[in-house]
Amino acid sequence: MINANSDSPGLAWLAFAFLTVVSWGVYGVFLHTGQVAMQDPVNGRYKAFLFVGIAYFLTAVLAPLALLLMKGAAFSGYTQGGMGWSLFAGIVGAIGAFGVLLAFGAKGTPAVVMSIVFAGAPVVNAIYSLMLHPPAGGWGSIRPQFYLGIVLAALGGCLVTFYKPNPPASKLKPAAIETTPAAPATSPAQH
């Protein structure tokens with residue numbers, strides 16, 4: 001098992017990064033599927049978000065609480081700044097998840113919505129991180145390849161959005177043909 005607290009210079013961080021890539025890569029599709037499966041066009045997205053919250057509670061509250069209890073650190077060592085920023089991060093993440101559901105509700109498809117999210121988020125992250133922690137040599141010391149990477153990330157999101165393959169046409173079931181009993185034929189002799 002990979003140790004998340006290891007100080008070794010290995011590639012554990014990369015394994016965890018790929019775990020996140022895979023998890024978040026299917027997140028939008030699963031979220032949309034859950035919304036649609038609620039079979040409630042008006043409130044389905046809210047119902048799906050409720051279960052996202054339950055999943056977060058199970059995964060992000062109970063699991064770490066159990067680990068902290070096992071380590072004897074469940075109720076000690078918290079700082080006001082650490083709790084505040086962590087709570088704010090959770091709120092921002094939940095707002096993002098809710099935004100994804102709202103985008104689906106406004107007829108966005110998982111392929112398009114998630115392409116925009118995953119192309120745009122790294123750009124926002126890079127810019128915000130630079131504003132928070134400017135480079136040692138100032139903004140002028142940033143290599144052009146960094147800016148090119150930002151442009152390519154945005155361009156990639158646009159290209160995937162505009163040129164995504166369309167799903168196959170849905171196969172409609174033929175409508176039942178209604179038949180009415182034919183009127184009895186009358187012969188000219190009956191008139």
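Coordinate-derived values only; no laboratory data. Bear in mind the structure is a predicted one, so any value in this text is a computation, not a measurement. Cβ: placed from backbone, ideal geometry, glycine included. Neighbour counts: every protein chain shown.
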Exercise. How far, in nm, would the chain grow between residue 74 and residue 59 when pulled straight, counting 0.36 nm per residue and subtracting the alpha carbon separation?
Worked result: 3.8 nm
Problem set entry | Cβ-derived FRET efficiency at R0 30 Å, residue 163 paired with residue 46, nearest 0.05 | 0.40
Problem set entry | Label-reachable residues, the stretch 113-132, where backbone N falls under 18 Å from a point 7 Å from residue 155's Cα toward its Cβ | 116, 119-124
Exercise. So how much slack lies between residue 128 and residue 91, counting 0.36 nm per residue of separation and subtracting their Cα-Cα distance, in nm?
Worked result: 11.6 nm
